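Asks: Below you'll find the structure I mean.
The values are calculated or read from the model by the stated rules, or taken from the named source; none is laboratory data. Note that the structure is a prediction, hence the values are computed from the model and not measured. Every residue, glycine among them, receives a Cβ derived from its backbone with ideal geometry; neighbour counts consider all protein chains shown.
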Amino acid sequence: MAQMTMIQAITDALRTELKNDENVLVFGEDVGKNGGVFRATENLQKEFGEDRVFDTPLAESGIGGIAIGLGLQGYRPVPEIQFFGFLFEVMDSVAGQMSRMRYRSGGRYNSPITIRSPFGGGVHTPEMHADSLEGLMAQTPGLKVVIPSSPYDAKGLLISSIRDNDPVIFLEHMKLYRSFREDVPEEEYTIPLGVASVKREGKDLSIITYGAMVQESIKAAEELEKEGYSVEVIDLRTIAPLDIDTIIASVEKTGRAIVVQEAQKQAGIAANVVAEINDRAILSLDAPVLRVTAADTVFAFSQAEPVWLPNYKDVIETAKKVLNF
Amino acid sequence: MASKANQANFDVKKQFETVEEQFQTLQILNEEGEIVNEAAMPELTDEQLQELMRRMVYTRILDQRSISLNRQGRLGFYAPTAGQEASQLASQFALEKEDFILPGYRDVPQLIWHGLPLSQAFLFSRGHFKGNQIPEGVNVISPQIIIGAQYIQAAGVALGMKKRGTKAVAITYTGDGGTSQGDFYEGINFAGAFKAPAIFIIQNNRFAISTPVEKQSASKTLAQKAVAAGIPGVVVDGMDPLAVYKAVKDARERAINGEGPTLIETLTYRYGPHTMAGDDPTRYRTSDLDNEWELKDPLVRFRKFLEVKGLWTEEMENETIEKAKEEIKEAIKVADAEPKQTVTDLISNMFEEMPYNLKEQYEIYKEKESK
């Protein structure tokens, strides 16, 4: 066991799969010599050579295109999009091409691609770096969308994503990259996609969340416990597909739920979770399922960011509305 | 007035003249069927010349039959190909079986001659996913609808070939309009930077649906866009099968030798509408222009050339036409026998393993489709 930050766990996962499978290729802007702007690919080029880990020209659409082409040649591409706000530049490759490859070709071809990309607020980036765009991805049929909230999960989920034979969008919250360390086994292990993690058990309220909001939700749960509430926290880990069984089992137990996301409120993951709970467990509910989200605006410039982003106080406030309903 | 320093450093006129000089159109066979560039004549046996002619005649018949089947409601989406036979077929003729084709939506003939069964081309037209279920060993992907996407993917396929050490090329096709897409430039630029074995074809048929090529770009030729990516660009008479063959054969040799990609602009013309879905070319083309281009017809000039050489007869022409008609009839029968594509087929093909939501929806549609 080693103590690792999330970024170290990600590098470790990449190294593991580069070693395991010669078809794994890691590429993107500045991922080679520079080791990536966040050092996620630190030393990988040195270790595995320029043929396996390489820099590309500065063009996200081109990166998506070569990922698809390399996939057609039997490779297992792991491209990095330097910041997920640049998604719009590669949107056709993601939503128009790789997500449809299996159906379009009747299973003759697939896109075993894992797109890694940093996202998320709280680190005062310029515009178009921090946006939570996972809702767009989750609404795109044919994609899996994974968002780890801890170093341990990041390694196991990334290895599973790379081994998956369908395209996976693997989103890495920038604030979590170096915010804490935890024990991460040096040997390989996988965490299955589509399986949530119960971070904390409770019987009065379920908080369903993912990404950096997992930390805020745990903090809120701890505060609420001081006031006598027993709060369960579920980290979705994969937002497409959802782990519907874990969500529903929790809600049936607690009878009350809130969904917490960093993204804007409209048409997002939280709305989808609420709808699924309504579809499947409405008779178990003692209160409406409420959401904690950012406002329905574009991502705030950095001066307004601290208030724009939801935090544990917002979670407590909404949790109390549901608990006291 | 520009300063003296500016004039000395930057002569715009000269710059463009120099570029234009570099992009002369390669022609080997003129409109009369005469060889006008003996030195560039590719090495083709008599049998190969006959085969190329046979394919062009066959494909012209396939185009006519497809249009008529579409009008009868027996085919769906169809983009007519007449006029572009030299550009499409002579370029494919220069390939080897292991080369990989990434076509645009009009480029179905190349797929057929690369091994896609005709019945599957018809299923593609009818909107059945089995049309795109490319048989093992046939190195193509289904026609791209998002124009430009095939260029960046071709760069990736070519890069993969280079990494594998395969002696093969990725070849992709777009039109004059496609060169305005960002992906066009990203594709040639990536392939150039990676020195990947790719061939990028621009079939300049002068109109992107209705928009004339003059409105696509201030660039005098489209091939000269290669210069910006640092790769060779070639303009060829796209109505001349020998020139197209020669250009692609040379590009393939360069690619195989590790010298990187080539951009080839074929000057051609589609006689028909953009697609059979209601496009009316009389709204944007004059009949004078149509007539001017029909005089350049690739079949007419190649037939003259072969007849003079004693390699083509009316009998061979008729045999080819009859064979085409017969095979089309058979292929339609095969396509007709294919059960309709279902929503459950679609649901089953989204992922390797169905997630919970699709499992539930599969049951719903299975029930609906059993009625």
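Asks: Here are B:Gln27, B:Gln15, B:Gln84, B:Gln22: which of them is surrounded by fewer than 14 Cβ atoms within 10 Å (Cβ to Cβ) and not hydrophobic (A, V, I, L, M, F, W, C)?
Replies: Only one candidate passes the filter, namely B:Gln15.
To keep it simple, each residue is scored yes or no on (1) modelled with pLDDT under 95; (2) over 24 Å from B:Val140 (Cα atoms).
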{"residue": "A:Phe83", "(1), (2)": "no, yes"}
{"residue": "A:Phe88", "(1), (2)": "no, yes"}
{"residue": "A:Val94", "(1), (2)": "no, no"}
{"residue": "A:Arg104", "(1), (2)": "no, no"}
{"residue": "A:Gly107", "(1), (2)": "no, no"}
{"residue": "A:Ile115", "(1), (2)": "no, yes"}
{"residue": "A:His124", "(1), (2)": "yes, yes"}
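Asks: When the stretch B:307-366 is examined, which residues are found to be of a type in the set (A, V, I, L, M) and under 28 Å from B:Ser68 (Cβ atoms)?
Replies: If the condition is that a residue be of a type in the set (A, V, I, L, M) and under 28 Å from B:Ser68 (Cβ atoms), then B:Met316, B:Ile321, B:Ala324, B:Ile328, B:Ala331, B:Ile332, B:Val334, B:Ala335, B:Ala337 are the ones that fit.
Asks: Would you point out the residue of the stretch B:126-142, among those that are more than 7 Å from chain A (Cβ to nearest Cβ) and over 17 Å from the mean Cα position of the chain (by Cα), that is farthest from B:Val157 (Cα to Cα)?
Replies: Across the stretch B:126-142, the extreme among qualifying residues is B:Arg126.
Asks: Inside the stretch B:29-74, can you point out the residues that are under 30 Å from B:Asn318 (Cβ atoms), hydrophobic (A, V, I, L, M, F, W, C) and out of contact with any helix residue (DSSP H, G or I) (no Cβ under 9 Å at 6 or more places or on another chain)?
Replies: The answer is B:Val36, B:Ile67.
Asks: While we're looking at this one, here's another question. Identify the single condition in (1) more than 7 Å from chain B (Cβ to nearest Cβ); (2) farther than 28 Å from A:Ala300 by Cα; (3) buried (at least 24 other Cβ atoms within 10 Å of the Cβ) that A:Pro118 does not satisfy, given that it satisfies every other one.
Replies: It is condition (2) that A:Pro118 fails.
Asks: Further, regarding this structure: Looking only at the stretch B:161-188, which residues are within 10 Å of another protein chain (Cβ to nearest Cβ) and of a type in the set (D, E, K, R)?
Replies: B:Lys162, B:Lys163, B:Arg164, B:Asp183, B:Glu186
Asks: Would you call B:Lys225 surrounded by 19 or more Cβ atoms within 10 Å (Cβ to Cβ), more than 17 Å from the chain's Cα centre (by Cα) and not polar (S, T, N, Q)?
Replies: Answer is yes for this residue.
Asks: OK, next. So B:Ala155 fits all but one of (1) part of a helix (DSSP H, G or I); (2) without any contact (Cβ under 8 Å) to a residue 40 or more places away in the chain; what number is the exception?
Replies: Every condition holds for B:Ala155 apart from (2).
Asks: Could you check, for the stretch A:5-13, whether at least one of its residues is in contact (Cβ under 8 Å) with a residue 12 or more places away in the chain, more than 23 Å from B:Ile147 (Cα to Cα), away from chain B (no Cβ under 11 Å) and hydroxyl-bearing (Ser, Thr, Tyr)?
Replies: From the stretch A:5-13, those in contact (Cβ under 8 Å) with a residue 12 or more places away in the chain are A:5-13; that's our starting set.
In the following step, the residues that additionally are more than 23 Å from B:Ile147 (Cα to Cα) were identified as A:5-13.
From what is left, the residues that are away from chain B (no Cβ under 11 Å) are A:5-13.
Narrowing further to those that are hydroxyl-bearing (Ser, Thr, Tyr): A:5, A:11.
Yes, some residue in the stretch A:5-13 is in contact (Cβ under 8 Å) with a residue 12 or more places away in the chain, more than 23 Å from B:Ile147 (Cα to Cα), away from chain B (no Cβ under 11 Å) and hydroxyl-bearing (Ser, Thr, Tyr).
Asks: Under the condition of being touching a residue at least 60 places away in the same chain (Cβ under 8 Å) and in a loop (DSSP other than H, G, I, E, B), which residue from the stretch A:195-222 is farthest from A:Ile147 (Cα to Cα)?
Replies: Looking at residues that are touching a residue at least 60 places away in the same chain (Cβ under 8 Å) and in a loop (DSSP other than H, G, I, E, B), I get A:Asp204.
Asks: I'd like to check which helices (runs of 4 or more DSSP H) are fully inside the stretch B:312-371 and have at least 3 residues that are more than 14 Å from chain A (Cβ to nearest Cβ).
Replies: B:314-337, B:356-369
Here's the yes/no breakdown for (1) surrounded by fewer than 24 Cβ atoms within 10 Å (Cβ to Cβ); (2) at the interface with chain B (Cβ under 9 Å from one of its Cβ atoms); (3) out of contact with any Gly (no Cβ under 6 Å at 6 or more places or on another chain); (4) touching a residue at least 60 places away in the same chain (Cβ under 8 Å):
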residue	(1), (2), (3), (4)
A:Phe48	yes, no, yes, no
A:Phe54	yes, yes, no, no
A:Leu58	yes, no, yes, no
A:Gly74	yes, yes, yes, no
A:Asp92	yes, yes, yes, no
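Asks: May I pose another question? I'm trying to understand the selection: among the residues of the stretch B:105-125, which are within 14 Å of another protein chain (Cβ to nearest Cβ) and outside any helix (DSSP H, G or I)?
Replies: The answer is B:Tyr105, B:Gly115, B:Leu116, B:Pro117.
Asks: Same structure, new question: Residue under question is B:Leu26, and the condition is that it be closer than 18 Å to B:Asn205 by Cβ and either out of contact with any helix residue (DSSP H, G or I) (no Cβ under 9 Å at 6 or more places or on another chain) or at pLDDT 95 or above (or both); does it hold?
Replies: For B:Leu26, the condition - closer than 18 Å to B:Asn205 by Cβ and either out of contact with any helix residue (DSSP H, G or I) (no Cβ under 9 Å at 6 or more places or on another chain) or at pLDDT 95 or above (or both) - is met.
Asks: Looking only at residues in the stretch A:223-241 that are hydrophobic (A, V, I, L, M, F, W, C) and crowded, with 23+ Cβ neighbours inside 10 Å, which one is farthest from the other protein chains (Cβ to nearest Cβ)?
Replies: Narrowing the stretch A:223-241 to residues hydrophobic (A, V, I, L, M, F, W, C): A:224, A:231, A:233-234, A:236, A:239-240.
If we keep only those that are crowded, with 23+ Cβ neighbours inside 10 Å as well, we get A:231, A:233-234, A:236, A:239-240.
Working: A:Val231: 26, A:Val233: 22, A:Ile234: 16, A:Leu236: 13, A:Ile239: 12, A:Ala240: 8 Å.
Step by step, filter the stretch A:223-241, then rank; the result is A:Val231.
Asks: Just to be sure I understand, how many residues within the stretch A:4-35 are more than 14 Å from A:Ile159 (Cβ to Cβ) and not hydrophobic (A, V, I, L, M, F, W, C)?
Replies: 11
Asks: Still on this structure: Among (1) of a type in the set (Lys, Arg); (2) surrounded by 21 or more Cβ atoms within 10 Å (Cβ to Cβ); (3) part of a loop (DSSP other than H, G, I, E, B), where does A:Lys33 come up short?
Replies: Condition not satisfied by A:Lys33: (2).
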